[in-house]
Amino acid sequence: MWGVFNKVVEISYLKSAVLFLLIFAFAYVLRRFPPVLPFILSGFVAKFFIPSDEITHLSLFDRSAVFILFFFIGLEFSFEKLRHMVNIWIPGFIEFLFCFLLPIPFFLKLGYEITSSTLLALLIYPTSSVIFVKLILDSKRAGFPETEFLIGLLIFQDIVSVIILSFVLPLHEYGEVDFTNAFYLIIKILLVFVIFVFLLKYLPFRLFDDIAESDSFIFFIWGIILFVGFLSERFGVLPALSTFLLGVLIPEKSKMYERILKEFSVFRELSIGLFFFFFTFKLDLDKFVIRSDVILLVVAIFVVSMITKIPPIYIGGRLSGLDRPQSLRGAFSFFVRGEFSVLVIDFVNDAVIKTAGTIYVFLSIIFGVIMFILAPSISRILRRIR
Amino acid sequence: MSLKVRETELPGIGKKILFKLKNGDEITIVARNIGVKDLYIIESGKDEPSFFISLDEEEAKEIGIALIGAEYKASIQPEKLDFIAKELAMEWVKVGEKSTFCGKTIGEMQIRKKTGATIVGIMRGDEFIPGPGPEEKILAGDLLLVIGKMRNIKSFLDYCGEYSTRW
């Protein structure tokens, strides 16, 4: 009896091991492809060989990938850093107006109700910081004058998006939005922020220096991230918000910060890979609909998301002291969407939005990367025309 | 026009240090979190770099030594520099309003004598004051670049009174 039981377990675990090897194979063979695209493709291919419901024990990887990814975003893109980035608030608000607020009435006009329209606007608002930073490093543009401005905008977007998502996604999950649900959600999120501010002000982080030097520090940090993530899930608060704030909490000039950034970056890479892999691996293809209204929505999202990005980035760049070519280069480099859009799609129940959103993420990564590469040439051509 | 230095964070990437030279050219060093230093040169009037090079830590140290001056190269070899780097600590300290340093000069406070640490630069608003002399007055809100052994830095912080290293 034990022999049979063991065989069943072994096969299931073996399949999990194969999944990891498959992700590696895709990432290695397609290493010249745009970042994260190999992970998305590997998830899509893997689901035809290994149904996701057979690999239920991988759910810890799946969920912790979200926690760790947003923990690292918080760690690197904190309020503190935003405070020190010059002239980013006004451009940030302009971009928020163009790329988030303006598209909402557009989607309402298309016939979507307010929650769906807000979700669609959220789908197109944040540029992917994960992909953008990788592109900047790969293309050796970190020292370009506009990079500082664009990174500042990314921080602004990430903070705003994670806050809006923490309100909109749970409300969307409730189905019907009523006053009681909304009230309890606001109270819970406010409580999270109160705890965050309290810890930020009063937690003696120097006490953690000893822990940070310990060999077993990894258990501490893993434990804390998982604890915060699952606890907030348990209380109906978006774990991405809590783990993001946990990352923000860690003081930049501390041993803990240094150690996490230097030694645990490998987990960041792992979580990025798994996050995008599970995005397509878990897709329920039965809920996928390919109809004319889906195609129309894809076209609408795509066009709106591209058109609304150029003017605010250009204007914001000029306001921040960049010259015309630098602002243009920035505007054409900022199309790529990623982790936030995936988070939205994960929560959406509507089949049309889910299908259109998934196709849109694919397209925006491919198009966004191409535009990022072409941005310097486009900027030069436009300068000559003028 | 004098040399202007501006240091900013590039979250997710590292630190950016921009040197605006007297002739209008700009040299940007991006010190990445992984230790690599990227160097860009933007000529005056141009909107994108005309030169880029990526240096690993050892190359950056060697070039740094050469830039300081040939006479230092003879006396400080990279392996010695490694040793010094392990011994030395550097900290950016923001002076609080109630700090004992406020309104007093470096000489008056006898900082090096009392703590063993040295203030090698002061960031005041957008202005960077490299190698401040004993007559330099310290103001609330100044960002002091302090070097010394770890214990010297600790005594410096104690002596400073109200400060912040999380600015």
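The values are calculated or read from the model by the stated rules, or taken from the named source; none is laboratory data. Please read all numbers here as calculations on a predicted model, not as lab measurements. Cβ: placed from backbone, ideal geometry, glycine included. Neighbour counts: every protein chain shown. Ligands, DNA and RNA are stripped out before the accessible areas are found, and what is left, the full protein with its side chains, is counted by its heavy atoms. Shrake-Rupley method; radii C 1.70, N 1.55, O 1.52, S 1.80 Å.
Summary of computed values
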item	result
Condition check for A:V342: outside any helix (DSSP H, G or I) and out of contact with any strand residue (DSSP E or B) (no Cβ under 6 Å at 6 or more places or on another chain)	no
Unique residue being of a type in the set (A, V, I, L, M, F, W, C), part of a helix (DSSP H, G or I), more than 14 Å from chain B (Cβ to nearest Cβ) and surrounded by fewer than 18 Cβ atoms within 10 Å (Cβ to Cβ) when the list is A:F39, A:F98, A:F48	A:F48
Number of positions in region B:7-25 that are within 19 Å of the chain's Cα centre (by Cα) and surrounded by fewer than 19 Cβ atoms within 10 Å (Cβ to Cβ)	7
Condition broken by A:P170, with the remaining ones in (1) without any contact (Cβ under 8 Å) to a residue 60 or more places away in the chain; (2) under 26 Å from the mean Cα position of the chain (by Cα); (3) open to solvent by less than 60 Å² (accessible area, probe 1.4 Å) satisfied	(1)
Region B:39-55, residues that are farther than 21 Å from A:A375 by Cβ and surrounded by fewer than 12 Cβ atoms within 10 Å (Cβ to Cβ)	B:S44
Residue in region A:115-158 that is nearest to the other protein chains (Cβ to nearest Cβ), counting only those that are closer than 18 Å to B:Y40 by Cα and among the acidic types (D, E)	A:E148
Looking only at region A:134-158, and only at residues there that are open to solvent by less than 10 Å² (accessible area, probe 1.4 Å) and aliphatic (A, V, I, L, M), the one that is nearest to A:T243 (Cα to Cα)	A:I155
Hey, A:I104 more than 19 Å from A:L322 (Cα to Cα), open to solvent by 20 Å² or more (accessible area, probe 1.4 Å) and either in a helix (DSSP H, G or I) or in contact with an Asp or Glu (Cβ under 9 Å, 6 or more places away or on another chain) (or both) or not	yes
Residue within region A:282-304 that is within 14 Å of chain B (Cβ to nearest Cβ) and out of contact with any strand residue (DSSP E or B) (no Cβ under 7 Å at 6 or more places or on another chain) present	no
Selection within region A:283-302 - within 21 Å of the chain's Cα centre (by Cα) and either of a type in the set (A, V, I, L, M) or surrounded by 15 or more Cβ atoms within 10 Å (Cβ to Cβ) (or both)	A:L283, A:V298, A:I301, A:F302
Some residue of region B:48-67 being over 15 Å from the mean Cα position of the chain (by Cα), facing chain A (nearest Cβ under 9 Å) and at pLDDT below 85	no
Residue among A:R324, A:R337, A:R318 that alone is under 28 Å from A:F44 (Cβ atoms) and either within 14 Å of chain B (Cβ to nearest Cβ) or not acidic (D, E) (or both)	A:R337
Filtered residue count, region A:313-325, keeping only those that are in a helix (DSSP H, G or I) and surrounded by fewer than 23 Cβ atoms within 10 Å (Cβ to Cβ)	6
Residue identified as within 14 Å of chain B (Cβ to nearest Cβ), open to solvent by 40 Å² or more (accessible area, probe 1.4 Å), under 19 Å from the mean Cα position of the chain (by Cα) and acidic (D, E) among A:E252, A:E233, A:E269	A:E269
Of all residues in region A:17-31 being within 22 Å of the chain's Cα centre (by Cα) and either in a helix (DSSP H, G or I) or among the basic types (K, R) (or both), the one that is farthest from A:S128 (Cα to Cα)	A:F20
Within region B:113-137, considering residues that are in contact with a Ser or Thr (Cβ under 8 Å, 6 or more places away or on another chain) and acidic (D, E), the one nearest to B:L18 (Cα to Cα)	B:E136
